[in-house]
1. For the range 147-157, in order, what is each residue's ³J(HN,Hα) by Karplus, 6.51 cos²θ - 1.76 cosθ + 1.60 with θ = phi - 60°, in whole Hz (x at glycine and Pro)?
2. Tell me the Kirkwood hydrodynamic radius of the range 21-177 in angstroms, computed as one over the mean inverse distance between distinct C-alpha pairs.
3. Could you check the simple spin-label distance between Asn24 and Lys134, using points 7 Å along Cα→Cβ, in nm with one decimal?
4. So with the 1.4 Å probe, I'd like the accessible area per residue for the range 122-216, rounded to whole Å².
5. Would you mind counting up the charge near Tyr176? Only other residues with Cβ under 9 Å from its Cβ, with Lys and Arg at +1 and Asp and Glu at -1.
6. Determine the sum of side-chain charges near Thr151: Lys and Arg each +1, Asp and Glu each -1, restricted to other residues whose C-beta is under 12 angstrom from that of Thr151.
7. Give, in nm to one decimal, the length gained when the segment between Lys349 and Asn318 is fully stretched (0.36 nm per residue of separation minus the Cα-Cα distance).
8. Extent of the range 92-231 along each principal axis, from alpha carbon coordinates, in Å, largest to smallest?
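The values are calculated or read from the model by the stated rules, or taken from the named source; none is laboratory data. Predicted model, so just to flag it, every value in this text is computed and none were measured. Cβ coordinates were reconstructed from backbone atoms using ideal geometry, including for glycine residues, and neighbour counts include every protein chain displayed. For the accessible areas, the whole protein counts, side chains as well, though only heavy atoms, and no ligand, DNA or RNA atoms are used. Shrake-Rupley method; radii C 1.70, N 1.55, O 1.52, S 1.80 Å.
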Amino acid sequence: MDKRIEGSWLIHHTQKLGLVTSNNEYSCTEMAGKAGMLLSAISADDQADIDMIRVEALAGSANISRLELPTLLGLLEEKGVIDKSKNSISVLGTTTHSSLIHTSNFFRDFNPRPIELAAIELSELASDKPIDKKEAFQYFSDTYRLDTPSTKRFFETSEIIGFIDSEKYGRDKEIYFNGNVFRSGSPKKIKSVLDTLSPIDNQNLLSINGELKKTACMSVIEVRKVLGVPLFDKLCAVGYFDINVVSNSQTDYGYVTLPSTFSKYSSSMVDDAFDLAKAFVSSLTYGMTRSEYPRGKISMINRLLQVLISGEPVGPVNAIGEDYKVLEAKGVIRVFSGSKKGRRGYMMKLLKREVGELALQAINQGDISENSLECMPGMALTRYKGPSANRVEIRKQQLSRDPKATNDVIQALRTGAIF
């Protein structure tokens, strides 16, 4: 497996492990994943010295506690990716992609348990197409030399933690899948879904697909209105759409993108493993739709991104100090006070060039315009929740209403699609 893909799964699994209370069997996964998350948070395209106050803030944003931080920094120093002094650290030119490779290397150096290796392969297989539980049981038992009780426990914990989802069908059959099944944007997978729908639902979904390819993102309210709640929830539950939620101090607002939107080099999971580009696009869209001109409304998004990608700062405008706190917390940008053309105020510099390039790609593929998110909240954005967490929430709600609501889609992907 490509190390970037393995690193992406380790980040994914670590985020899932953060939601459970006991995960001793996946200690190597969690240690490597948290090291990768910390490295991503503090890394920049060029070597940079970061004071410990900022390091602690970035670590906290990545859900790394102050107790865990010294151990993880020691690991990164031992592996030669940072230099550490008493009051600061120096990050040695790490990119988002190289953070994933380092994450994979950390994991392998820890001598992970067979079930940790199995969990990665299970997730990867289930993201290609849904897999039959009985077939998977035999394969993983043989491949990783697990006895029957160990294999059974492996699948049970994988479901509980959230590495995979399950869908029952027939009297005694079960299929595993996960939310990354549509990352490649395969036309055959999409056709398999369309074939399960009524003519009206089929037409409505084709309409939404076309609009998303033109505009890159649409409001959840608008997409749900066209598709209807049951179909919208069904498609979100299997990962057909990505739902991103941005928040301010008073409200949450969701928007929809296609999972393949950020697939610049290989799979969008690799390219945006940390959900940085999605958070970047959401913040920029906010700047175009709700910010007024005097405080820094974005009018030439392509030009702004090109300047940032070139390494130059933008500003000064007041909006930079208020609207991009999510990106600051994730270490994507640096906000500072500066002056330009006789004006003084907040300025912004891009720290992760790859993230800017992915955002520009998404905007150029579609048209994130004034009308893309006309209902965005008119206040500073302070939080972001990515597609994985939102899909799990919808999936749980759906299971409580109708345990077999996604059955036809899963079966179509399992039996009707040729990959």
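1. 6, 4, x, 5, 5, 4, 5, 4, 5, 4, 5
2. After inverting the pairwise mean of 1/r, the radius is 17.4 Å.
3. Placing both labels 7 Å beyond Cα along the Cβ direction yields 3.5 nm.
4. With all protein chains present, the range 122-216 gives 52 Å² per residue.
5. -4
6. Once all neighbours under 12 Å are counted, the net charge is +2.
7. 9.7 nm
8. For the range 92-231, the Cα extents along the three principal axes come out at 55, 50, 24 Å.
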